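The values are calculated or read from the model by the stated rules, or taken from the named source; none is laboratory data. From a predicted model like this one, the values you see are computed outputs, not experimental measurements. Ideal geometry is used to build each Cβ from the backbone, glycine not excepted, and the neighbour counts take in all protein chains shown. Heavy atoms of the whole protein, side chains included, go into the accessibility calculation; ligands, DNA and RNA do not. Shrake-Rupley method; radii C 1.70, N 1.55, O 1.52, S 1.80 Å.
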Amino acid sequence: MHCQTIVLGAGIVGVSTALHLQARGRKVILIDRDEPGSGTSHGNAGLIERSSVIPYAFPRELSSLLRYGLNRQSDVRYSLTHVPKIAPWLFKYWQNSSAAGLKVATHAMLPLVQRCVEEHDALIDAAGLGELVKANGWIEVFRNDAAFSKAKADAHALAPYGLSYEVLDRQQLHQRETDLSDNVVGGIHWLDPKTVTNPGGLTRGYAALFVKRGGQFIHGDARTLRQIAGEWQVDSRQGPITAAEVVIALGPQSADLFKPLGYRIPLEIKRGYHMHYQGRDGAELKHSICDGQGGYVLAPMAQGIRLTTGIEFAASGDAANEIQLKRCEVLARRIFPLGQRLDAQPWLGRRPCLPDMRPVIGPAARHKGLWFNFGHAHHGLTLGPVSGRLLAEMLTGEATFTDPAPYSAARFN
């Protein structure tokens, strides 16, 4: 089989890339060993996060470092055997999280974050997936007055970015979420983001739109990628597929392809978990709720109330570890009446992260026709369509909506 462009990876980034290339006239084949939306795109908190204009930085305060070093926190956990292996990467992350480095990362990411909702909206409308999306934002809640006061000051400092939000005192917060406990003293309701009640379903809906428009989705093994006579070839269940161009959009598995080709891109993973629950005694959650102090999100999903955890630094292939999930569950039950678990086992996902807090989007320097689109960290769902658009504009020679230089792989090589 032959096409113009192969897209490897049917997560939200790969599917969005395929759609945008298709819209620009490319004949595209989308390849994955699993069904679309089965990996990291399946298990996230479902936020199209327009309000996250400041990337997630590595803590710089000595008190925070000492606290995390004890490895007893709910928002970050690490494997003692894994941390020494990624220590150089963590040091680079820490360096880039300085005030100056964070400013650079914020400036670089802003054009993508600013367009994230409208790019999703276009695909949601085209695919007829509006029932999966809510436009009521999400609420950040606080369990003590000191944290609430700091959050209000931080929100005020974001005024230059033009974000819409409402500060809610205890009474106002409980009017919006009547089943929250009295342990929360207030909240900030971020109004610009949208939330998705089935992120995996949304990704599969986008993939169905791609197929409906004439694209092909084929199961295949991306690890068989090879260059033959100036073209790229991948093995699939329907035989070898050949194209002049290939896009690596495999999220946390992208290193399996770019490393053998000689690219030294410092891609690491942050693991995370989710579990679904019933509301106890009919309790209902109307908005996605983030407990920033606890490092978890409660989100109303089609499958139940989903609790998603923060960061676990552990090897990709390590067995799941419920320590962090259990810590978050204890905290979550203090603010909302969670009932019984609905899943037999916790879901484990892997976020693909780079130490300068921005993805790689663009061409490979030493291989004609090889393109990258990965490393979206905590915001793969948020940035899938907008980064797919940018990649497609670059690949087809169209004028790009923003300068792609900050996302170039050349910054590492």
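Around the Cα centre of the chain, unit charges on the Cβ atoms of Lys, Arg, Asp and Glu (plus for the first two, minus for the last two) sum to a dipole of about 860 debye. Per residue of the chain, the DSSP helices (runs of n ≥ 4 H) give a summed -39500 (n - 2.57) that works out to -10000 deg cm²/dmol at 222 nm. Annotation: extensible slack from Val330 through Ala100 equals 79.1 nm (criterion: 0.36 nm per residue apart, minus Cα-Cα distance).
Exposure check, 1.4 Å probe, all protein chains in place: Asp121 carries approximately 40 Å² of accessible surface. Listed by chain and number, the aspartates and glutamates whose C-alpha is less than 17 Å from the C-alpha of Lys27, apart from same-chain residues fewer than 8 away, are Glu231, Glu245, Glu393, Glu398.
Could you tell me how far the Cα centroid of the stretch 4-40 sits from the Cα centroid of the stretch 69-135, in Å? When both Cα centres are located, 22 Å separates them. Among Pro240, Pro266, Pro359, the largest mean-square fluctuation in a Gaussian network model of the chain, built with springs joining Cα atoms closer than 10 Å, belongs to Pro240. Go through Lys92/Lys194; Lys212/Lys259; Lys85/Lys259; Lys92/Lys326 and tell me which ones have a Cα-Cα distance over 24 Å in this structure. From Lys92/Lys194; Lys212/Lys259; Lys85/Lys259; Lys92/Lys326, over 24 Å: Lys92/Lys194; Lys212/Lys259; Lys92/Lys326. Size check on the chain: the Cα extents along the three principal axes, sorted descending, read 66, 45, 44 Å.
The alpha carbon gyration tensor of the stretch 243-296 gives principal lengths a ≥ b ≥ c with a/c of 1.5 or higher and a/b greater than b/c, which makes the shape prolate.
Per residue, the chain exposes 41 Å² of accessible surface when a 1.4 Å probe is rolled over the protein heavy atoms with every protein chain present.
Taking all protein chains together and rolling a 1.4 Å probe, Lys134 ends up with roughly 70 Å² accessible.
Rounded, prolate or oblate: which fits the stretch 1-49 when a ≥ b ≥ c are the square roots of the eigenvalues of the alpha-carbon gyration tensor, with rounded for a/c under 1.5 and prolate only if a/b beats b/c? Here the stretch 1-49 falls in the oblate category. Between Arg176 and Ala126, take the C-beta separation as r, use R0 = 41 Å, and let me know the FRET efficiency to the nearest 0.05. After rounding to 0.05, the efficiency reads 0.85.
Would you please classify the overall shape of the stretch 61-209 from the alpha carbon gyration tensor, given that a ≥ b ≥ c denote the square roots of the eigenvalues, rounded means a/c under 1.5, and beyond that prolate means a/b larger than b/c while oblate covers the rest? Taking the square roots of the gyration eigenvalues as a ≥ b ≥ c, the stretch 61-209 is oblate.
Model label points for Ser63 and Glu231, set 7 angstrom from Cα along the Cα-to-Cβ axis, are 6.3 nm apart. Hey, any idea what % of the chain's accessible area is carbon plus sulfur with a 1.4 Å probe? Using a 1.4 Å probe with all protein chains present, the chain comes out at 52 percent carbon and sulfur.
Quick check: the angle from helix 12-23's long axis to the longest principal axis of the chain, C-alpha only, nearest 10 degrees? Taking the Cα atoms of the chain, the angle to 12-23 is about 50 degrees. Rounded to the nearest 0.05, the FRET efficiency derived from the C-beta distance between Val211 and Ala135 at R0 = 25 Å is 0.40. Note on the stretch 1-141: Cα-only Rg and Dmax are 19.3, 58 Å.
The calculated FRET efficiency for Arg24 paired with Ala405, based on their beta-carbon distance and R0 = 35 Å, is about 0.95. Taking 7 Å steps out from each Cα toward its Cβ at Asp256 and Ala153 produces label points 4.7 nm apart. The simple spin-label model puts a point 7 Å past each Cα toward its Cβ; for Phe91 and Val167 those points are separated by 4.2 nm. Farthest towards the positive end of the charge dipole of the stretch 1-104, among the residues Tyr68, Val104, Ala45, is the Cα of Val104, using unit charges on the Cβ of Lys, Arg, Asp and Glu.
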